[in-house]
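The values are calculated or read from the model by the stated rules, or taken from the named source; none is laboratory data. Treat the numbers as computed from the prediction; the structure is a model and nothing was measured. Glycine also receives a Cβ, built like all others from the backbone with ideal geometry; neighbour counts cover every protein chain displayed.
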């Protein structure tokens, strides 16, 4: 069975520790649930999205803050949502790898 593994990890200079792990078995569940699970990202943490053995994406708290500065936006949640939902390469791999429903 194909799955996408999404981990929230605490990244320190000497180690990386997984805090939470989520599994998505279809694209619809990722699209509707991923942001709700990941919206409470804290400083020093990152989101690791692994699409099978084909693609991986990292989104750190600092990356979201940098995107907020570049877009002149004040809403952390909005920037995180756009990074999770509207990244074209991530969406392409998700749609190619997972069934839609």
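Does residue 33 satisfy the condition of being under 21 Å from residue 3 (Cβ atoms) and under 13 Å from the mean Cα position of the chain (by Cα)? Reasoning before the result, please.
Values: under 21 Å from residue 3 (Cβ atoms): yes; under 13 Å from the mean Cα position of the chain (by Cα): yes.
Considered against the rule, which asks whether it is under 21 Å from residue 3 (Cβ atoms) and under 13 Å from the mean Cα position of the chain (by Cα), residue 33 comes out as yes.
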Problem set entry | Subset of the stretch 4-38 (residues that are closer than 16 Å to residue 57 by Cβ and either in a helix (DSSP H, G or I) or modelled with pLDDT under 95 (or both)) | 11, 16, 27, 30, 31, 34, 35, 37, 38
Problem set entry | Within the stretch 47-99, considering residues that are closer than 20 Å to residue 12 by Cβ, touching a helix residue (DSSP H, G or I) at 6+ places or on another chain (Cβ under 7 Å) and touching a residue at least 24 places away in the same chain (Cβ under 8 Å), the one surrounded by the most Cβ atoms within 10 Å (Cβ to Cβ) | 47
